[in-house]
Structure formats: structure tokens, C-alpha cells
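Here's the structure, in C-alpha cells; my notes come after.
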Amino acid sequence: MKTMALGLGLLFSASTLASTVAIIDSGTDMKHKDLAPKAWINTVEIADNNRDEDRNGYPDDVQGWNFAESNNKIIDYKYLGTLNEDIRKFFVLQEKMMRGTATAEEIQWARDILKDESFIKRISIYGNFMHGTHVAGIAAKKADDAKILTVKLIPTEVKLPGQDKINKKDSFPLKMFKKGLELLAKQQATMMEEIGYYVDGHKADIANGSFGTGYPQAMQITAMLYKTLFRKDPTPELNHELSLVFLNAAVKENARLVEVAPNTLFVFAAGNDGLNNDKFPTSPTNIKADNVLSVAATMGRLAIAPFSNYGKKMVDVAAPGVGILSAAPGDEYVKVSGTSQAAPFVANIAARVKDANPALSPIDIKKIIMGTVDYKGYLTDIVLTGGLVNTGRAVQAGILSNTRNIADAIATSREEVADVIVEGSLKSLPTMGDASLVLPLPSMFKF
């Protein structure tokens with residue numbers, strides 16, 4: 001692991017008047033016209049001299065660091081030409097199909113193109129390439145003082161580690177295989193811990209994590225590894241058991257990410273599998289800590305999104321995550337749906353609350369966001385608060401917290417700021433658990 005000690009000069013590398021939001025993702029196009037003015041700059045580092053002026057182990061980390069490839073290239077521009085009209089059309093149809101406004105012809109087109117392997121490969125690659133920029137655009141919107149720090153975790157094209165190194169023995173015991181899954185989760189968490197130290201070292205106030213591994217992806221990982229080792233498919237019951245072993249280990253090990261950065265509020269996407277995180281863990285969003293918020297996605301403010309993971313115990317709040325227009329690499333804009341979009345909506349609020357009162361701790365900001373939600377009947381048994389975030393009310397509570405305690409600030413803001421007016425209507429209510437139209441969260445693994 002790289003040295004975690006930071007030079008004293010780093011204390012002055014970013015404005016103390018602005019919150020720092022780390023985007024832990026697949027890379028961010030900080031040249032985008034919406035993001036360039038909000039770039040976090042490490043002024044201690046001298047760009048492109050291959051030296052480490054702040055002595056933190058990451059030379060030339062002027063705008064962040066690429067942990068996926070161990071360099072300071074926070075996005076790979078060779079993928080700029082990946083976006084085409086079919087991908088744009090598919091993203092638009094995702095929203096229309098969820099809202100029940102797509103025509104029969106459009107639905108058929110979507111079904112047909114999902115059978116095209118070349119399209120699936122292209123949209124998967126573009127999804128990773130675009131993802132961090134899209135997330136950053138949401139987190140930065142109207143957060144005028146916030147600065148964006150890029151942390152690249154997800155390679156644009158990823159592979160399952162270790163598959164070619166498995167020692168194939170017919171007599172390999174199942175108990176040892178389970179231990180191997182736990183070790184795989186531990187190996188992944190080593191990088192997560194390093195990222196936690198990096199985020200903490202650069203004094204990030206907020207960190208957005210719209211990535212993760214859910215139950216369906218874990219099922220594919222464990223089935224693939226099991227077949228490689230035992231030369232047969234696991235039974236559904238066994239694979240379910242193995243997946244839970246892997247996911248529970250991943251949640252436990254990945255907690256190191258948030259433990260080593262106690263002064264950062266981590267906002268995680270709940271997942272796009274349409275499953276209950278109370279029963280089917282998703283990592284890292286199932287980490288329970290004072291400095292963690294887990295976010296489900298809604299269709300505007302009208303209903304839970306059909307693809308969104310949920311959980312009365314494991315998911316804290318909900319935020320809009322369907323048809324969200326935001327930045328894409330190359331000064332582009334696309335509409336995308338997912339809990340990946342709901343999480344930075346909340347990270348954005350967190351940054352604005354922090355800017356309203358820089359003295360607030362991560363747990364204070366978390367209490368304010370959770371305490372100022374609009375209560376919704378359709379979220380009563382879906383998320384812990386039973387509510388949808390209210391930006392204006394949360395920011396008002398942040399302002400009030402400068403002169404009163406957190407509980408009073410929340411209570412007063414609830415009196416002063418009304419629920420957000422709900423606009424529009426749905427043609428039909430979405431069916432919970434329908435995750436067929438949205439890609440899973442980007443992950444370090446290829447399935």
C-alpha cells in the first residue's frame with residue numbers, strides 16, 4: 001500500500017471555503033464545460049513533471065488519481081467516439097418504457113437491439129466511460145462552491161481477476177472455495193481502503209459511490225469461479241449460498257473504505273437489480289456506518305423506480321433517478337436512469353449543506369438529509385426514512401445549524417420549507433423488481 005502521509009502544503013491545496021466532493025467512479029471528463037470551473041486542484045503538485053511534491057505517493061495527482069491503472073489519467077479519451085444514436089435512443093426509451101409512454105414500435109426496437117451482442121458490448125463500454133462524468137455533473141449542479149475531486153476506481157473495460165490462476169483440483173473442498181471467495185472480497189477491499197486514505201488525505205467532505213456488486217452479479221461471479229474449479233455448474237441453492245458468502249464478505253471488508261475516512265460522508269447507490277438489500281446484500285451500499293448514506297431511485301417524485309434496490313433497514317433515503325440529463329464526455333449530454341443518478345443527487349445536497357455550515361460533521365449532514373425528507377406513502381416500507389430528499393429544506397437546515405443545534409435546525413426547516421410540489425403523473429405505476437431495462441451498477445468485475 002502506498003504511503004498515506006501527506007505533506008503539510010496539502011492543507012492549502014483547495015479552498016477552505018468550498019466543500020470537496022470526491023467522485024469515486026469510472027473516470028471524469030474534467031474538461032467538460034460544466035465541470036472544468038468546478039475542478040478540485042491540488043496546487044501543491046506541479047503538473048506533468050512526474051514528481052510527487054506533496055509526498056502522498058501519487059505523483060502529479062493534480063485533479064485526482066486513477067487507481068484502476070495506477071496513474072493520474074483520470075479518464076481515457078480514446079473512447080470518445082463510442083456514443084452513437086442507437087445508444088442515445090436506448091437511454092431515452094428506458095425512461096419512456098418505465099413511464100408507460102413508449103409506443104409498441106419503440107418497445108419492439110428496444111427488445112430487438114438488446115439481442116444484438118455488438119450493441120450490448122458497445123453500450124456497456126460507453127456506460128462505464130460516461131458514468132463518472134454523468135455522476136459528477138449531477139453532484140456539481142447548482143452546488144456553486146463545491147469542488148470535484150476525481151477518483152477512478154472502475155476501468156472502462158474490466159475483467160474478473162484470478163480466473164486464470166485457479167488451481168484446478170477435483171478434490172478441492174467446498175469449505176476452501178468459500179474461504180477463497182472471502183479472500184477475493186478482501187483483495188478487492190485493499191484498493192478500497194487505499195482510496196479511503198486518499199479521500200481522507202485530500203480532506204474530501206463528501207464522496208459519491210455509484211458503483212457496486214449486487215446479488216445477480218455475485219451469482220454470476222460465484223457460478224463462473226465454481227465451474228472453473230469444479231468443472232460443473234453449482235446447484236441454484238448452492239450458488240445462492242456462495243453468493244451470500246461473497247457479498248457478506250465484500251460488505252464487511254469494504255467497510256475499511258469508510259472507516260479510514262471518518263471525516264467524509266459517503267453516499268452510495270442502492271443498486272439497480274430491483275431487489276431488497278435487507279435480504280440480498282449489495283456492496284458497498286450495505287455498509288452501516290455513521291458516515292454512510294444509501295440511496296434508492298424514484299421516478300421523479302411520483303413512485304419508486306422499478307429497477308431500484310430498496311430496504312427498510314439498509315437503504316436510507318430516495319432521490320430522483322429516472323431520465324436524468326447530465327454531462328457526458330466530450331461536452332455531450334445524455335439522459336440516463338439508475339440509482340447511480342439518485343446517489344449524486346443526494347451528494348449534491350450534502351455538499352450544499354456543508355457549504356451552508358462548514359463546521360458540520362458527516363453525521364450532522366446525514367441527520368439533516370434524513371430528517372428533512374418529504375414523507376411518501378410509497379416509500380414507507382421501502383427506505384429507512386420513508387421519504388424523498390428535499391433539497392431546499394435540507395439546505396435551510398444547514399443554514400439554521402449555524403445558530404442552533406441540529407435537531408432544532410431540522411424541526412424549524414420543516415416548518416419553514418414545504419414539501420416539493422409534485423408535477424406530472426404516471427400512466428401506470430411501475431412494477432417493483434423490473435430491472436431489465438437498466439444496467440447494473442458499474443463494478444470492478446466483469447460478469
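Is it true that some residue in region 281-292 is touching a strand residue (DSSP E or B) at 6+ places or on another chain (Cβ under 9 Å), surrounded by 21 or more Cβ atoms within 10 Å (Cβ to Cβ), over 23 Å from Asn348 (Cα atoms) and among the polar types (S, T, N, Q)?
No, because not a single residue in region 281-292 is touching a strand residue (DSSP E or B) at 6+ places or on another chain (Cβ under 9 Å), surrounded by 21 or more Cβ atoms within 10 Å (Cβ to Cβ), over 23 Å from Asn348 (Cα atoms) and among the polar types (S, T, N, Q).
Please work out which one of (1) surrounded by fewer than 22 Cβ atoms within 10 Å (Cβ to Cβ); (2) within 25 Å of Ala140 (Cβ to Cβ); (3) at pLDDT 95 or above; (4) among the β-branched types (Val, Ile, Thr) is the condition Ile421 fails and give its number.
Status for Ile421: all satisfied but (3).
With region 74-148 as the region, which helices (runs of 4 or more DSSP H) entirely inside it contain at least 3 residues that are modelled with pLDDT of 95 or more and closer than 30 Å to Ser19 by Cβ?
Numbers: elements: 85-99, 104-113, 117-140.
Filter on region 74-148 gives 117-140.
In region 396-415, what count of residues is obtained for those that are touching a residue at least 24 places away in the same chain (Cβ under 8 Å), farther than 24 Å from Ala289 by Cβ and surrounded by fewer than 22 Cβ atoms within 10 Å (Cβ to Cβ)?
Qualifying residue count for the region: 3.
Is it true that Ile363 is of a type in the set (A, V, I, L, M) and crowded, with 22+ Cβ neighbours inside 10 Å?
On the way: of a type in the set (A, V, I, L, M): yes; crowded, with 22+ Cβ neighbours inside 10 Å: no.
Here the answer is no, as Ile363 does not meet what is asked.
Take the conditions assigned to a helix (DSSP H, G or I) and within 16 Å of the chain's Cα centre (by Cα) and apply them to Met192. Does it pass?
So Met192 fits the description; yes.
Restricting to region 22-42, count the residues that are assigned to a loop (DSSP other than H, G, I, E, B), surrounded by fewer than 20 Cβ atoms within 10 Å (Cβ to Cβ) and out of contact with any Gly (no Cβ under 8 Å at 6 or more places or on another chain). So that I can check it myself, show each step before the final result.
Filtering region 22-42 for residues assigned to a loop (DSSP other than H, G, I, E, B) gives 26-35, 40-42.
Adding the requirement that they be surrounded by fewer than 20 Cβ atoms within 10 Å (Cβ to Cβ) leaves 31, 33-34, 41.
Those left that are additionally out of contact with any Gly (no Cβ under 8 Å at 6 or more places or on another chain): 31, 33, 41.
Count: 3.
Return the total of residues in region 369-389 being part of a loop (DSSP other than H, G, I, E, B) and touching a helix residue (DSSP H, G or I) at 6+ places or on another chain (Cβ under 9 Å). Walk me through it before giving the result.
From region 369-389, those part of a loop (DSSP other than H, G, I, E, B) are 372-373, 376, 380-382, 384-386, 389; that's our starting set.
Those left that are additionally touching a helix residue (DSSP H, G or I) at 6+ places or on another chain (Cβ under 9 Å): 372-373, 384-386, 389.
Total meeting the criteria: 6.
Go through region 259-291 and give me each residue that's β-branched (Val, Ile, Thr) and touching a Pro at 6+ places or on another chain (Cβ under 8 Å).
First pass over region 259-291, keeping only residues β-branched (Val, Ile, Thr): 260, 264, 267, 282, 285, 287.
Correct list: Thr264, Val267.
With the requirement that a residue be assigned to a helix (DSSP H, G or I), crowded, with 24+ Cβ neighbours inside 10 Å and touching a Pro at 6+ places or on another chain (Cβ under 6 Å), what does region 205-258 give you?
Scanning region 205-258 gives Leu247, Asn254.
Are any residues in region 265-276 within 18 Å of Pro440 (Cα to Cα) and either surrounded by fewer than 24 Cβ atoms within 10 Å (Cβ to Cβ) or aliphatic (A, V, I, L, M) (or both), and if so, which ones?
From region 265-276, those within 18 Å of Pro440 (Cα to Cα) are 267-276; that's our starting set.
Scanning region 265-276 gives Val267, Ala269, Ala270, Asp273, Gly274, Leu275, Asn276.
For region 273-323, give me each residue that is of a type in the set (S, T, N, Q) and under 28 Å from Asp200 (Cα atoms).
Initial filter on region 273-323 (of a type in the set (S, T, N, Q)): 276-277, 282-283, 285-286, 291, 294, 298, 308-309.
Listed by number, the residues that qualify are Asn277, Thr282, Ser283, Thr285, Asn286, Asn291, Ser294.
Which condition number in (1) closer than 14 Å to Gln94 by Cα; (2) aliphatic (A, V, I, L, M); (3) assigned to a strand (DSSP E or B); (4) touching a Ser or Thr at 6+ places or on another chain (Cβ under 8 Å) is the one that Leu325 fails?
(4)
The values are calculated or read from the model by the stated rules, or taken from the named source; none is laboratory data. Treat the numbers as computed from the prediction; the structure is a model and nothing was measured. Every residue, glycine among them, receives a Cβ derived from its backbone with ideal geometry; neighbour counts consider all protein chains shown.
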